[in-house]
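Trainee: Sending over a structure as C-alpha cells; questions will come in a sec.
A short reminder: the numbers here are calculations on the coordinates, not readings from a lab. What you are looking at is a predicted structure, and each value in this text was computed from that prediction instead of being measured. Positions of Cβ are backbone-derived with ideal geometry, glycine not excepted, and every protein chain shown enters the neighbour counts.
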Amino acid sequence: MTIQDVLKQKNMTIYRLARISEVPYTTVSDICNGKTRLEKCSAETVYRLAHALDMSMEDLLAPCFITRSSFENFKSTVCHRVRELGDIEFIAHTLENQEIRIYFERQWYPESLYLLAMLDYISRENDVPLCGEYDDIRQCRLEKPVYPSGIRAIAAAAKNDEVLKRAEMDAIPEFRRFNIIENEVRDVI
C-alpha cells in the first residue's frame with residue numbers, strides 16, 4: 001500500500017501528515033507526488049512518517065521495493081500456482097490475498113485482469129459462483145489484445161495475422177472478455 005493509499009484510507013491530507021510528522025510540507029508533498037523517492041529519504045524522515053501514519057517503517061517502505069516481472073513470467077507463475085494448489089485452493093488463496101484488487105490499484109491492469117480471468121475460468125470449470133467483489137473490474141478491458149509470445153512469434157515468422165485471428169477465436173472466454181488471448185492454462189511445464 002503506497003503512502004497515497006494510506007492517506008486516503010486514513011482520510012488524511014498531505015498537510016496534516018506534515019504537521020503530525022513534523023516533516024516539512026514540501027518534502028511530504030514531493031514524496032506523495034513522486035518527485036522524491038521515499039526509499040531515498042533519511043531514516044528519520046521515514047520514521048516520522050511511519051509513526052504519524054501508525055505503521056512500521058518496513059510497511060511504509062515495502063511498496064518502494066516491489067518489482068514488476070514480465071507479463072509472460074506473471075502468467076506462468078499464475079498457471080503454476082493453479083497446478084500446485086489445485087483449483088479450489090487457488091480460488092480461496094486468490095480471494096484471501098486480494099491480489100486482483102492490489103494489482104488493479106497499482107494500475108497493473110494486465111496482471112489484475114489476467115488473475116481475474118483465471119479466477120472466473122476456474123470458478124466456471126468447478127461450478128463455483130463468481131465472487132461479486134470484482135464486478136467493477138469485470139467491466140474493464142485492455143485497449144489492445146495481448147497475445148502469448150509464442151503466438152506473436154509464429155505470426156511474425158509467417159508474416160500473417162491469421163494466426164492471431166485464430167488464437168482470438170479459440171481463446172478461453174473469460175480471458176477474451178478482457179482482451180487477453182489465452183488458449184491453454186492447464187499444460188504448464
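Trainee: Assuming a ≥ b ≥ c are the square roots of the Cα gyration tensor eigenvalues, decide whether the stretch 3-65 counts as rounded (a/c under 1.5), prolate (otherwise, with a/b larger than b/c) or oblate.
Mentor: Judged from the Cα gyration tensor, the stretch 3-65 comes out rounded (a/c under 1.5).
Trainee: Based on DSSP H runs of at least 4 residues, each adding -39500 (n - 2.57), what is the mean residue ellipticity at 222 nm of the chain after dividing by all its residues, to the nearest 500 deg cm²/dmol?
Mentor: Taken over the chain, the calculation gives -17000 deg cm²/dmol.
Trainee: In degrees, nearest 10, range 0 to 90: what is the angle between the Cα axis of helix 109-125 and the longest Cα principal axis of the chain?
Mentor: 50
Trainee: Here's another thing I want to ask about it. Tell me the trypsin sites (Lys or Arg not before Pro) within the stretch 1-71 that lie in a loop according to DSSP and have at most 12 other beta-carbon atoms within 10 Å.
Mentor: K35, R37, R68
Trainee: Name the residue farthest towards the positive end of the dipole of the stretch 1-127 from the options I31, L7, W108, assuming +1 on Cβ of Lys and Arg, -1 on Cβ of Asp and Glu, about the Cα centre.
Mentor: I31
Trainee: Still on this structure, please answer the following. Among all stretches of the chain without exposed GluC sites (Glu not before Pro) (DSSP loop, at most 12 other Cβ atoms within 10 Å), which one is longest? All intermediate terms of the calculation are to be shown ahead of the outcome.
Mentor: On the way: sites that count: E22, E143, E184.
Longest site-free region, per DSSP loop and neighbour criteria: 23-142.
Trainee: Now for a separate question. Could you tell me the distance between the Cα centroids of the stretch 47-114 and the stretch 168-187, to the nearest Å?
Mentor: For the stretch 47-114 versus the stretch 168-187, the Cα centre distance is 22 Å.
Trainee: Another question, then. Expressed as an acute angle from 0 to 90° and rounded to the nearest 10, what is the orientation of the C-alpha long axis of helix 71-85 relative to the principal long axis of the chain?
Mentor: The two axes meet at around 80 degrees.
Trainee: In degrees from 0 to 90, rounded to the nearest 10, what is the angle of the helix 149-158 Cα long axis to the longest principal axis of the chain?
Mentor: 50
Trainee: Can you list the residues, at least 5 places off or on another chain, whose amide H is less than 5 Å from the amide H of V146, using H built in the peptide plane?
Mentor: Close amide H contacts, sequence-distant or interchain: I180, I181.
Trainee: Dipole of the chain, Cα-centred, from +1 at each Lys and Arg C-beta and -1 at each Asp and Glu C-beta, to the nearest 20 debye?
Mentor: 780
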